[in-house]
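Just below is one structure, and these are the notes that go with it.
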Amino acid sequence: MDLSPFEADNSVSCRLSSQIPDVCKTEDCCLGIDEAGRGPVLGPMVYGICFCPVSKKEDLKNLKVADSKTLSEDERENLFQKLDESSSYVGWALQILSPNTISTSMLQRTKYNLNALSHDTAIGLVQYALDSGVQLKEVYVDTVGPAEKYEEKLSQRFPGITVTVRPKADSLFPIVSAASICAKVARDRVVKGWKFTEDLGEVDTDYGSGYPNDPKTKAWLLKYLDPVFGYPQFVRFSWSTAQTLMDSKAVSINWDDEEEDGEKSARKQKNKSMLSYFSAANGSDDQNHQTHRFFTDRKLKSPCTL
């Protein structure tokens, strides 16, 4: 699994895939869909599909694939290796949704929640398989939201394909288990090898499970919260855990508006107005002012100092 296309820019989403087995282009195939990393506040969410000919279902079952959540990391890696070695009849594809993509989608003006993002990602992967020539006849999906509605949505989108949506599908259908393993292995590798584009020095990678209720994860979030610019892009800043910490620990900002002068409002809360950073009084004569590294790294200066 070559992650370099995503690692080249981990602020955006990326699709990775195996070669399409020739047999999948000539025989009726089944396809499973599952995700990894839906709940964590850290790292990406990865959607995975796995497909093989219907005639090879037993062969896939004999690989002993199982729900990735019941397996250790070593067991998942070994099973992924077996899937990769079965490339004559097994194919896979992944969509890595970066934390930045997830957060900006959820916080945009027109709300785009995680369920809608998940549905659209799954639909995009099925369409990718069809466009690649895979002869899909059966699709099995681990549900997101009400199973019946999701099944109806997918059946309407892909007429002629039998769609089965079930809770815990990754423990019911081996093809979904295989997709679950592919997605989880990819997420584990991405998180472990995450390259921080921000200048954070030696980053402590002991961030626990990444889930909001993990004490290690909470401690890491507190440690790497910049009071002005927030979190590195490894963090899903749309998660309530991150937003709560920002509200309580970060610098509050008062924006100028029509109701009240921004500087007066700022003074009431013992803060500086954004406008004050452009005034002569805040220029080079202010010996107590320490410029944030965001500006020094980019060689940016206040207009009054030029």
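The values are calculated or read from the model by the stated rules, or taken from the named source; none is laboratory data. Nothing here was measured: the structure is a model prediction, and the numbers come from that model. In this analysis, Cβ positions are derived from the backbone assuming ideal geometry, glycine residues included, and neighbour counts consider all displayed protein chains. Keep in mind that these areas ignore ligands, DNA and RNA; they rest on the heavy atoms of the full protein, side chains included. Shrake-Rupley method; radii C 1.70, N 1.55, O 1.52, S 1.80 Å.
Couple of notes before you dig in:
- Only listed residue being of a type in the set (S, T, N, Q) and in contact with a Ser or Thr (Cβ under 9 Å, 6 or more places away or on another chain), chosen from 98, 118, 88: 98
- Filtered residues of region 163-195 (kept if under 18 Å from the mean Cα position of the chain (by Cα), assigned to a loop (DSSP other than H, G, I, E, B) and exposed (fewer than 15 other Cβ atoms within 10 Å of the Cβ)): 193, 195
- Filtered residue count, region 125-156, keeping only those that are closer than 26 Å to residue 19 by Cβ and out of contact with any Lys or Arg (no Cβ under 9 Å at 6 or more places or on another chain): 8
Every residue, every condition in (1) free of Cβ contacts under 8 Å to residues at least 40 places away in the same chain; (2) open to solvent by 20 Å² or more (accessible area, probe 1.4 Å); (3) outside the structural domain of residue 138 (by the TED database); (4) not in a helix (DSSP H, G or I), yes or no:
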| site | (1), (2), (3), (4) |
| --- | --- |
| 69 | no, yes, no, no |
| 79 | no, no, no, no |
| 82 | yes, yes, no, no |
| 92 | no, no, no, yes |
| 101 | no, yes, no, no |
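- Index of the failed condition, residue 47 passing every other in (1) under 13 Å from the mean Cα position of the chain (by Cα); (2) aromatic (Phe, Trp, Tyr); (3) at pLDDT below 90: (3)
- Set side by side, the residues 35, 7 differ, and just one is touching a residue at least 24 places away in the same chain (Cβ under 8 Å), within 25 Å of residue 242 (Cβ to Cβ), open to solvent by 30 Å² or more (accessible area, probe 1.4 Å) and out of contact with any helix residue (DSSP H, G or I) (no Cβ under 7 Å at 6 or more places or on another chain), which is 7.
- Residues of region 206-227 satisfying the condition of being over 18 Å from the mean Cα position of the chain (by Cα) and hydroxyl-bearing (Ser, Thr, Tyr): 224
- The set of residues from region 107-139 being open to solvent by less than 50 Å² (accessible area, probe 1.4 Å) and under 28 Å from residue 231 (Cβ atoms) comprises 114, 116, 117, 118, 119, 121, 122, 124.
- Only one of 160, 145, 133 that is over 24 Å from the mean Cα position of the chain (by Cα), modelled with pLDDT under 95 and outside any helix (DSSP H, G or I): 160
- All conditions but one from (1) modelled with pLDDT of 85 or more; (2) farther than 23 Å from residue 77 by Cα; (3) open to solvent by 30 Å² or more (accessible area, probe 1.4 Å) apply to residue 238; the one that does not is (3).
- The test for being surrounded by 13 or more Cβ atoms within 10 Å (Cβ to Cβ), of a type in the set (Asp, Glu) and free of Cβ contacts under 8 Å to residues at least 12 places away in the same chain does not hold for residue 58.
- Hey, residue 185 β-branched (Val, Ile, Thr), closer than 23 Å to residue 3 by Cβ and at pLDDT 90 or above or not: yes
Matching residues to (1) of a type in the set (S, T, N, Q); (2) under 18 Å from residue 102 (Cβ atoms); (3) open to solvent by 30 Å² or more (accessible area, probe 1.4 Å):
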site	(1), (2), (3)
197	yes, yes, yes
207	no, yes, no
213	yes, no, yes
228	no, no, yes
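- Among the residues making up region 13-47, those that are β-branched (Val, Ile, Thr) and over 17 Å from residue 191 (Cβ atoms) are 20, 23, 26, 33.
- Hits in region 196-228 (condition: of a type in the set (A, V, I, L, M, F, W, C), part of a loop (DSSP other than H, G, I, E, B) and over 13 Å from residue 249 (Cβ atoms)): 196, 200, 203
- Only one of the numbered conditions (1) out of contact with any Gly (no Cβ under 6 Å at 6 or more places or on another chain); (2) modelled with pLDDT of 95 or more is violated by residue 63, and that is (2).
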